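J.: First the structure, then my questions, so here it is.
Computed from the coordinates by the stated procedures, all read-outs in this text should not be read as laboratory data. Here the structure is a predicted model, which is why all the values come from computation and not from measurement. Here Cβ is always computed from backbone atoms with ideal geometry, including for glycine, and neighbour counts include all displayed protein chains.
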Amino acid sequence: MESYSSSNLLKAQSHIWNHICNFINSMSLKCVVDLGIPDIIHNYGKPMPLSKLTSSLPIHPSKKPCIPRLMRVMTQAGFFVEHNVNDNELEIEYMLTDESILLLKDHPMSVTPFLQAVLHPILANPWHELSTWLKTDDPTTFETAHGMLIWDYAAREPAFNNLFNDAMASDARLVTSVVIEKCTGVFNGLESLVDVGGGTGTMAKALAKSFPKMECTVFDLPHVVDGLQGSDNLNYVGGDMFKKIPPADAILLKWILHDWNDEECVEILKKCKDAIANKGKKAKVIIIDMVVDKEKGNGESVETQLFFDMLMMVLASGKERTKKEWIKLISSAGFSDYKITPILGLRSLIEIYP
């Protein structure tokens, strides 16, 4: 202990405290969304004074002094911008940032459903069992906490199934807008496409609309697609991707493979390869997933990718993969070539060919 300076120890203590208290940012953010603060500021139409914001909130009068403290920590985290009116520290006005704009409930690209799902006790509680899970042969920490796999839980609990599907749909809207804007060539010339694990069809609907000559099929578990109605070039099919995938020119796997371990991914990819057999040169599998790159990514983006890797370990049996790990999967499944296009922020578009 004598070899450590007191200043280094205090710095180390602060670092540890920040990690211990990281959940405070998450839960404060959830509180801000639950109270509708981003929407209230947005609807005000201009920088909103603290007094106006506080009086607009559905809170008990005794809790009014808590709001500036909540806003202070969220401003520090980058979700709001504040400035003092006439240099008066007591007269503060708040404005939205790009991050809080994505928390607006009616924003077409809102990430609020994703926030509500990940921070819901059903998905948050398994983290308390992580060390316990490591001592067992349970496939996932989710099963250690809830006694069943996440997919079985969703099949049995309609409320959670809807929560999960809404979260996936909210993400699909943002990704789809970028894919259609920047990756049109990926879909040109395709006459048919199957969106495997496509949920309620958010991405397939947008693709069907943008490429009206392409027949789109949403393929997911029966309880996910039950009762969903298609359109002229969009239909829903229930089934199991580990058994058989409907044939098409292209198979789309958006945020699917990271849910599964390597052996399961190879099995899925082989089923995809069977589905595009005899489709000629246009046949391919389109994957949207993370490609972890510690060297090229900035600190924040790499940290987010590593967070999601842990999320996959706890909730499912999968992981986020490096380029080398992707190449190994692709080769093991019998594909001959690939192309990785890193244009989706934290994720990449990966095309693989038989």
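J.: Filter the range 67-87 for residues that are of a type in the set (A, V, I, L, M) and in contact (Cβ under 8 Å) with a residue 40 or more places away in the chain; which is surrounded by the most Cβ atoms within 10 Å (Cβ to Cβ)?
T.: The qualifying residue surrounded by the most Cβ atoms within 10 Å (Cβ to Cβ) is Met74.
J.: Which residue pairs have Cβ atoms under 7 Å apart, sit 6 or more places apart or on different chains, and have a first residue in the range 279-290 that is within 11 Å of Gly189 (Cβ to Cβ) and a second that is assigned to a strand (DSSP E or B)?
T.: Within 7 Å, the pairs are Lys284/Ala250; Lys284/Glu351; Lys284/Ile352; Lys284/Tyr353.
J.: Let me ask something else about it. Does Val302 count as touching a strand residue (DSSP E or B) at 6+ places or on another chain (Cβ under 9 Å) and over 29 Å from Thr141 (Cβ atoms)? First the steps, then the outcome.
T.: Values: touching a strand residue (DSSP E or B) at 6+ places or on another chain (Cβ under 9 Å): yes; over 29 Å from Thr141 (Cβ atoms): no.
Considered against the rule, which asks whether it is touching a strand residue (DSSP E or B) at 6+ places or on another chain (Cβ under 9 Å) and over 29 Å from Thr141 (Cβ atoms), Val302 comes out as no.
J.: Residues that are more than 23 Å from the chain's Cα centre (by Cα): which helices (runs of 4 or more DSSP H) entirely in the range 1-88 hold 2 or more of them?
T.: Working: elements: 6-20, 22-35, 37-44, 50-56, 67-76.
Qualifying helices (runs of 4 or more DSSP H): 6-20, 37-44, 50-56, 67-76.
J.: Could you identify the single residue in Lys105, Lys64 that is touching a helix residue (DSSP H, G or I) at 6+ places or on another chain (Cβ under 8 Å) and either surrounded by 15 or more Cβ atoms within 10 Å (Cβ to Cβ) or touching a residue at least 12 places away in the same chain (Cβ under 8 Å) (or both)?
T.: It is Lys105.
J.: Mind telling me which of the residues Asn165, Asn235 ends up being farther than 19 Å from Leu349 by Cα, in a helix (DSSP H, G or I) and not aliphatic (A, V, I, L, M)?
T.: After ruling out the rest, the residue left standing is Asn165.
J.: Identify, please: which residue in the range 154-201 is of a type in the set (Val, Ile, Thr) and touching a strand residue (DSSP E or B) at 6+ places or on another chain (Cβ under 9 Å) and is, among those, surrounded by the fewest Cβ atoms within 10 Å (Cβ to Cβ)?
T.: Only one residue fits best here, namely Val178.
J.: Tell me the helices (runs of 4 or more DSSP H) entirely within the range 254-354 that contain at least 1 residues that are more than 15 Å from the chain's Cα centre (by Cα) and of a type in the set (Lys, Arg).
T.: It comes to 262-275, 323-332.
J.: Regarding Pro139, is this residue out of contact with any helix residue (DSSP H, G or I) (no Cβ under 8 Å at 6 or more places or on another chain) and in contact (Cβ under 8 Å) with a residue 60 or more places away in the chain? Before you say what the answer is, go through the steps one by one.
T.: Details: out of contact with any helix residue (DSSP H, G or I) (no Cβ under 8 Å at 6 or more places or on another chain): yes; in contact (Cβ under 8 Å) with a residue 60 or more places away in the chain: yes.
Criteria met by Pro139.
J.: Okay, next question. Would you pick out the residues in the range 313-329 that are within 21 Å of Cys183 (Cα to Cα) and surrounded by 19 or more Cβ atoms within 10 Å (Cβ to Cβ)?
T.: Of everything in the range 313-329, just one residue is within 21 Å of Cys183 (Cα to Cα) and surrounded by 19 or more Cβ atoms within 10 Å (Cβ to Cβ), namely Trp326.
J.: Any idea which of Trp127, Trp151 is within 24 Å of Gly198 (Cβ to Cβ), aromatic (Phe, Trp, Tyr) and in contact (Cβ under 8 Å) with a residue 12 or more places away in the chain?
T.: Step by step, each of Trp127, Trp151 is checked, and only Trp151 is within 24 Å of Gly198 (Cβ to Cβ), aromatic (Phe, Trp, Tyr) and in contact (Cβ under 8 Å) with a residue 12 or more places away in the chain.
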